[in-house]
Amino acid sequence: MKMIFKMAWRNIWRNKRRSIITISSIFFAVFFAVFARSFQIGVYNKMIANMVGMYTGYLQIHQNGFWEEQSIDNSFIPDQSVLDLLHDNKDITDFNERLESFALTASDNLTKGAIIMGVNLEKEDGLMDLSPKLISGEFPAHTSSSLLISEGLASYYNMSVGDSLILLGQGYHGASANGIFPVSGILKFPMPNLNDRLVLMPILAAQELYAAPERLTSLVLQIDKPEKLNKLKKYISKKLDLEKYELLDWKGLLPELVQTIQADNAGGVIIIGVLYMIISFGILGTLLMMTAERMREFGILISIGMRKSKLILTLIMESLFMGILASIIGISVVSPVRYYFNRNPIRLEDQAAESIEAFGFEPVIPASLDMDIAMNHAGIVLLIVLICTIYPIVTILRLKPVKAMRT
Amino acid sequence: MEIIKTTHLTKVYSNNGLEVKAVNHIDLSIEEGEFTAIVGPSGSGKTTLLNMIGGLDDSTEGTVKIAGTNINSLSENELIDFRLKNIGFVFQAYNLIPVLTAKENVEFIMLLQGLSEKERKQRSEELLNHVGLTDKLDSRPNQLSGGEQQRVAVARALASKPSFILADEPTANLDSHSTSTLLDMMAEMNEKEKVTFLFSTHDQRVIDKARRVITIEDGKIIKDERR
């Protein structure tokens, strides 16, 4: 094996210029593919983190059927076993209780529909990052019945801190849900649909308003390692009574975001596919030339007693050496660049930033440091190399030593 | 002991529908320890005959037996293994592996045979010493002269301890000094170690050294002379 290795390695350097060109082309493919994908995945992760952090969290538990019919009648009082399950799991850093519903808001002679979220504001600040969004006033105390309203709603009613807002809605099992509540603060959300109609209030006040004491519409789970999400979801699914509860991850909660990412991702994959196709022809060209140049040598090796299988192994090694070498160099060079752009993400400015912010996303383009990106692309390159090696393999399998030695 | 036996060995090439008999029903027997030259004009069928005896080319008709084994009945892999164990090749164009040194070229055959590193090292050094290339062990083919390359090729052919060596025009690309050195070396191996050689050649110097000269013309043996 050592000699086969040695032969394969030395064969690469027989035609140095050609090998260097081939290795360089593979290197650039790996570099650009990993570079481009790192930004693409980085942006997706940022979008997910924005959306998940803004509103949904990575996982939510509801009463079974709530997500299909988001009514306060589908609220629930969580069993102690559920709370224990969440408390005991080290991967869950915290969980937020929410009571969410809708109400008609009114002030003077104006009305507007709004999303009412009864939350534990202290915990919710950790998830939704509310403090920086508070543009005036303060957070109400846990036992208070004051409101935080979104900036869009405040400007609709021309309202400021200290004014009062009327809420009119339907409570649990048809009870009336009416009240007048002082505004203690105004929040500015980047997402227009939240900024125009969100009202936050302490959960106790919301439960009282909706005549739903102790009831929740969702338990929002906070985790600090999103990569463990699938494992955690599987674990909780096993422990949770799925007849009674439903467990949804962010993909189930934000299907529009998933579709947006999938559509954008498809574009990226096509571009990288074209890049790889060009590189494939380069690799194939090298192998075609190498095979044609060495037909005589192949004939000799078979004549003197080398089995075709060993000869094929040598050729596969040669091709893989080039692929592995180029991938290692590519990954080594792109890694510090990715690291730099992860620590110093590209910040969009002016109109570009505004258009991104309008969708509720932070206007930054960070590079992902996920090692899977580099490994996947190295794997793709090696696969391409192996596919291209089919040509010399077939040539060797068909080779007649006498004919080959005449070339 | 009979090492090579061909019976009605025939090779027909078809060229644009025209059939050419390169080798025409040749019956040949080579005994162990012979130093035989096959001579004849270009296109007479010398190389084709050698290729069929070496299992490099298929016969159209007839059989080749090497040390009692009918090589025509062997599968492709069996034939490759058989060549590795039984036949040493010396080609006109040396045909060394360009990326391996002289020593590695000789070792390569033994590596394919599965010999240990120690055995390979010892035997390759012995053989290269035998062909007078002790100081060229680590030279690659492009660092050797034609004569030196051909001597490495002989050492490589001997490495597997074959039943016989087939040499196709081994001196065709050599100058007279290199030819003389190579022939002396092969003749000495034949005499002292009873290595069987079968040459195809045009070279009068090789013919002069041979102890049996088989002349073929138009694919047929027309003369078989022992000296």
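Peptide A:304-312 has a mean of 6 when you count, residue by residue, the C-beta atoms of other protein chains within 10 Å of its C-beta.
If you model the range A:11-67 as an ellipsoid using its alpha carbon gyration tensor, with each semi-axis the square root of five times an eigenvalue, the axes come out at 49, 12, 6 Å, biggest first. The alpha carbons of the range A:179-225 occupy a box of 32, 30, 17 Å along the principal axes, longest dimension given first. Taking the number of Cβ atoms within 10 Å of each Cβ as an exposure proxy, the fewest-first ranking of A:THR93, B:THR134 is B:THR134, A:THR93.
Put simply, the amide H of B:ALA167, placed in the peptide plane, has neighbours under 5 Å in B:VAL90, B:LEU198, B:PHE199, B:SER200, leaving out anything fewer than 5 places away on its chain. When DSSP beta bridges are limited to those with both residues in chain A, what percentage is antiparallel, rounded to the nearest 5? The answer is about 80 percent antiparallel. Based on the Cβ-Cβ distance from B:HIS25 to B:LYS161, what FRET efficiency comes out when R0 is 25 Å, to the nearest 0.05? Once rounded, the FRET efficiency stands at 0.15.
What does the charge count around B:PHE91 come to, taking other residues whose C-beta lies under 11 Å from its C-beta (Lys +1, Arg +1, Asp -1, Glu -1)? Each step should come with its number before you reach the end.
On the way: positive: A:ARG296, B:ARG156; negative: B:ASP168, B:GLU169.
Net local charge, B:PHE91 excluded: 0.
Comparing mean-square fluctuations of B:PRO162, B:PRO41, B:PRO170 from a GNM of chain B with C-alpha springs under 10 Å, the top value falls on B:PRO41. The dipole here belongs to chain B: it is taken about the Cα centre, uses +1 on the Cβ of Lys and Arg and -1 on the Cβ of Asp and Glu, and is about 220 debye.
Remark on chain B: ratio of C-alpha radius of gyration to 2.2 N^0.38 Å is 1.00. Here the spin labels are modelled as points 7 Å beyond Cα on the Cα-Cβ line, and at A:SER24 and B:ASN15 they lie 4.6 nm apart.
Spin-label pair A:THR407-A:ALA211: with each label point 7 Å from Cα along the Cα-Cβ axis, the two points sit 8.9 nm from one another.
Near A:GLY185, the amide H atoms lying under 5 Å from its own belong to A:GLU138, A:LEU147, A:ILE149; only residues 5 or more places off or on other chains count, and H is placed 1.01 Å from N. With contacts taken as Cα pairs under 8 Å and at least 6 residues apart, chain A reaches a relative contact order of 27 percent. Computed over the range A:190-284, the P(r) tail beyond 18 angstrom holds 72 percent of alpha carbon pairs. In chain A, the longest principal axis of the Cα atoms and the axis of helix A:16-51 are about 10 degrees apart.
For chain A, the longest principal axis of the alpha carbon atoms and the long axis of helix A:371-388 meet at an angle near 30°.
Mind putting a number on the dipole of the range A:277-407 about its Cα centre? Charges go on the C-beta only, +1 for Lys and Arg and -1 for Asp and Glu, and I need it in Debye to the nearest 20.
On the way: 12 positive and 10 negative charges, 319 e Å.
Its charge dipole is roughly 1540 debye.
Treat the count of other C-beta atoms within 10 Å as a stand-in for reagent exposure and order B:VAL39, A:VAL30, A:VAL333 from fewest to most. Please report the intermediate quantities before stating the final value.
Working: B:VAL39 22, A:VAL30 26, A:VAL333 15.
The order, fewest Cβ neighbours first, is A:VAL333, B:VAL39, A:VAL30.
Modelled spin labels at B:ASP138 and A:ASN15, positioned 7 Å past Cα toward Cβ, are 3.0 nm from each other. Per the Cα gyration tensor, the range A:298-385 maps to an equivalent ellipsoid with semi-axes of 48, 12, 9 Å, ordered largest to smallest. Around the Cα centre of the range A:59-222, unit charges on the Cβ atoms of Lys, Arg, Asp and Glu (plus for the first two, minus for the last two) sum to a dipole of about 420 debye. Using Cα-only point scatterers and the Debye equation, what is log10 of I(q)/I(0) for the protein assembly as shown at each q in 0.05, 0.06, 0.07, 0.11 Å⁻¹, rounded to two decimals? So the normalised log intensities work out to -0.47, -0.57, -0.65, -1.03. Using just the C-alpha positions of the range A:59-222 as equal point scatterers, what log10 of I(q)/I(0) does the Debye formula give at each q in 0.08, 0.18 1/Å? With no solvent term, the Cα-only Debye profile gives -0.22, -1.12. Altogether, the Stokes-Einstein calculation at 37 °C and 0.692 mPa s, with the Kirkwood radius of the range A:238-298 over Cα pairs as Rh, returns a diffusion coefficient of 201 µm²/s. For the range A:198-229, the residues whose amide N sits under 20 Å from a probe point set 7 Å from the Cα of A:LEU83 along the beta carbon direction are A:202-223.
Can you work out the FRET efficiency for the pair B:ASN173 and A:ILE329, with r the C-beta to C-beta distance and R0 = 56 Å, to the nearest 0.05?
0.85
Read-outs: derived from the displayed coordinates by stated rules, not from any lab. Everything quoted here is computed from the prediction, not taken from an experiment. Heads up, the Cβs are rebuilt from the backbone with ideal geometry, glycines too, and the neighbour counts pull from every protein chain shown.
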